[in-house]
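To start, the structure itself, in structure tokens.
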Amino acid sequence: MSEFNVSFPLINELFMAFRRNSGTSGPWTPGDIKKLSSGNTLSLVHDVIRGLSEIKKIEDLIDCDTDPFVPSGWKIVRHCRNGLFQFSLSAVRLYLNEQQETNGSVSGEQLSEELKNKSALNTNVLDWLLANPKHIPEEWKKETIFFWGTIYHNGFGDLCVRALKWDNFRWDWVYQRLCYNFYGDSPAALRAA
């Protein structure tokens, strides 16, 4: 680094590169830039630029910290931002509460309260599955899988939760109001421990 000089045009070029090169998870943040400049991260990037290393994308990774899809006229009431989630069947646990398991039902309000303290997956996972249906197991066709990590307020004044459902032809999303009951065919998708 004996001849390394940084001029304003180079700094500006780097600044413009950060602005135009957002990742799939959104624009650069000050925290991202701090992480890039810490430790030996830049030496690893330098090796990539020189052709000595390569960057490999982690497959099936879902950013559960980003804002979720919001249907027209709806609002988000609660969205649990639960980090990066690498999808696999072993990483998901389908949960029924005790009343649902005994062929009964439970109110959506009660289930919502119960699931606040559990690792309920949010609708970023639901929407990723809809975009990548090859990852949805065949046995899920018998159920409606709810993603309680995101609660919405629909345009009619109701609290709602979205779910993944097979409609006999394709996968789609549906929703249910929290004022209704949830039965044994309506498990919650949780992060497996």
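Bear in mind these aren't lab numbers, they're just calculated from the coordinates by the rules spelled out. Just so it is clear, the model here is predicted, and its values are computed rather than measured. When we count neighbours, we look across all protein chains shown, and the Cβ atoms used for this are built from the backbone with ideal geometry, even at glycine.
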_Rg over Rh of the range 104-150, using C-alpha atoms and the Kirkwood radius, what does it come to?_
1.02
_Cut-off of 10 Å, at most 11 other beta carbons, DSSP loop: longest stretch of the chain lacking such chymotrypsin sites (Phe, Trp or Tyr not before Pro)_ = 5-155
*Leading residue at positive end of dipole, the chain (Cβ point charges), from 95, 151, 18*: 18
*Could you check what % of the DSSP bridge pairs in the range 96-192 are antiparallel, to the nearest 5?*
95
*Report, in debye and to the nearest 20, how large the dipole of the chain comes out about its Cα centre when Lys and Arg carry +1 and Asp and Glu carry -1 on their Cβ.*
300
*Starting from the Cα of residue 105, move 7 Å in the Cα-to-Cβ direction to define the label point; list residues of the range 175-193 whose amide nitrogen is under 13 Å from there.*
176-186
*Taking a spot 7 Å from the Cα of residue 87 along the direction of its beta carbon, which residues of the range 132-150 have an amide N less than 11 Å from it?*
132-137
*Using a Gaussian network model of the chain whose springs link C-alpha atoms within less than 10 Å, name the residue from 149, 157, 39 with the highest mean-square fluctuation.*
39
*For the chain, what ratio Rg/Rh do Cα atoms give with a Kirkwood hydrodynamic radius?*
1.11
*Starting with the fewest neighbours, write out 13, 143 ranked by other beta-carbon atoms found within 10 Å of each beta-carbon.*
13, 143
*Among 55, 11, 145: highest mean-square fluctuation, GNM of the chain, C-alpha pairs under 10 Å*: 11
*Efficiency by 1/(1 + (r/R0)^6): what FRET value for residue 117 and residue 159, r their Cβ-Cβ distance, R0 = 22 Å, to the nearest 0.05?*
0.75
*What residues qualify as long-range amide H neighbours of residue 178, i.e. H under 5 Å apart, gap of 5 or more or another chain, H built at 1.01 Å from N?*
159, 160, 161
*Who wins for biggest fluctuation among 163, 17, 91 in a Gaussian network model of the chain, springs between alpha carbons below 10 Å?*
17
*Give the order of 186, 88, 107 when sorted by the count of other beta carbons within 10 angstrom, beginning with the fewest.*
88, 107, 186
